[in-house]
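Report on the structure given below.
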Amino acid sequence: MHTIDDLLVDGQFLQDPYPAYQALRERGSVHWSEEFFQGAWLLTDHADVERVLRDPRFSAARTGGWVKRIDGIDPRDGDPRGYAEFRTFQRLFARAMIFVDGPDHGRLRQVLAAGFHPQVIRGFSTTIERLVVELLDTLDGRDFDFIEAFARPLPSRVIALLMGIDLADEKDFIAWSDDLVAFIGAPKPSVEQVRAAEHSLVALIHYFQALLPARRKMPRDDLVSRLVIAEAEGKIRTDAELLVQCAMLLLAGHETTRNLLGNGLHALLSHPSEWARLREQPDLMPSALREALRYSSPVQYTGRRVVSDLQLHGHTLRRGDLVIALIGAANRDPTRYTQPDVFDISRHEGSHLAFGSGPHVCIGAGLSLLEAELAFSHLMRYWPTMHASIEQARWNGNAAFRGLATLPVHRHL
């Protein structure tokens, strides 16, 4: 029988993690693994994952131990071999809203929430639709790689416009974001991955530093201006705090949506009867998107730190232990969903955890869903008989941010 860590390092895990999740679940609800950040508890059950995301005894402030556990650096060596080099990087990362707890998290989230209010997002729908149509018009008359031609540029352009960023800089900020995503999504980040992420985070911060003076002088109706105004009102406390929120908003604003678009279309075209059903019953779009998120979660896991010793399923979790909440596994939990490995766009069995839960639930979920709804609706109208070369699709190899690197599609059967 394979060990827990054998299942997680198997070459197939990054291509299809769901058999490994099932094997973990069959062996119990809680597992210790050395393959995640040199030691972490893995949780697979829906109820446990949701509890971790909601319970304040599990802290999102985890970046210190995370950066210290770089692959190839023994944490027992202390600062000389690694952590000192990345201390500034860690401190910057730790200011991001997704890694902050309690009152500070509430303060930062309140600042940003107004920019993602449903009314604001609905008002942006015409712009998103225009971007969708522009991208599809450039693809008319040829087959194409859906990820490169559509799923990458659409959400990056949407978040850039929402933040008030020049679209001419799209390639730069996508490249910087890719380095950060590679680091965040690595169960054992290498020194090289950390250095690349640090370089790109600094590049993003310098980019926004150059943008801020004009926004301070003349604020606009965009997210960067909201943050600048919040800083003037004392709701954002330092330049560093403001700049890191800008950088992480840019990253989060397109990465999850890119994977929702790619994973969602892959699931639909892998199940032609469901694609046909959605074309015939477009009112199923909301449930189809929920099912796509459940079935192939763009975010496969997130981490928390144990605040104080506690018992879980007979295991003692110590203060400071890292807990990995396997969202992808929870969304396929057979005690929560009927036939969880079946893709059913009319499924109505409650919420999924793809956008998280509790205080840190994804602030941009509404925007992401709107982009996907408009994209898939127009795809069905443009090319109702489109299909994908599923066997040629290639996954990105990122354990946390599971998505497709390529998805060749063809306009006609």
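No value in this document is a laboratory result; all are computed from the given coordinates. Predicted, not measured: the structure shown is a model, and the values here were computed from it. Neighbour counts run over all protein chains shown; Cβ positions are idealised from the backbone, glycine included.
Annotations
- Three-way shape call for the range 89-159 based on the alpha-carbon gyration tensor, with the a/c threshold at 1.5: oblate
- Helix runs (DSSP H) in the chain reaching 27 Å along axis by Cα, Kyte-Doolittle at least 0.5: 239-270
- Whether the range 217-258 is rounded, prolate or oblate, judged on the alpha carbon gyration tensor where a/c under 1.5 counts as rounded: oblate
- Reported label for calculated Cα extents along the principal axes in Å given (1) 51, 46, 44; (2) 63, 59, 35; (3) 59, 54, 41: (2)
- Annotation for the range 225-317: GluC sites (Glu not before Pro) lying in DSSP loop with at most 10 further Cβ atoms inside 10 Å of their Cβ are Glu233.
- For the range 324-375, the set of GluC sites (Glu not before Pro) satisfying both a DSSP loop assignment and a count of at most 15 other C-beta atoms within 10 Å is given as Glu349.
- Magnitude of the charge dipole for the range 4-410, about its Cα centre and with charges confined to Cβ atoms of Lys, Arg (+1) and Asp, Glu (-1), is about 1200 debye.
- Relative contact order of the range 152-256: 36 percent, from C-alpha pairs under 8 Å at least 6 residues apart in sequence.
- By DSSP, the beta bridges lying fully in the chain are antiparallel in about 85 percent of cases.
- Straight-line reach from Lys217: taking Cα to Cα under 20 Å and skipping same-chain neighbours fewer than 8 places apart, the aspartates and glutamates in range are Asp166, Glu231, Glu233, Asp239, Glu241.
- Size estimate for the range 183-264 follows the Kirkwood approach: the inverse of mean 1/r over distinct Cα pairs works out to 14.3 Å.
- Counted by neighbouring Cβ atoms within 10 Å, the residues Asp333, Asp283 run from fewest to most as Asp283, Asp333.
- Between amide H atoms placed 1.01 Å from N, distances below 5 Å from Leu312 occur with Leu317, all of them 5 or more places distant or on a separate chain.
- Listed by Cβ neighbour count within 10 Å, with the fewest neighbours leading, Leu242, Leu167 appear as Leu167, Leu242.
- Taking a ≥ b ≥ c as the square roots of the eigenvalues of the Cα gyration tensor, the range 207-304 is classed as prolate, since a/c reaches at least 1.5 and a/b is larger than b/c.
- Amide hydrogen neighbours beyond the local backbone of Ser190, cut-off 5 Å, H modeled: Asp71
- Only aspartates and glutamates eight or more places from Lys235 in sequence, or on another chain, were considered; those with a Cα closer than 14 Å are Asp104.
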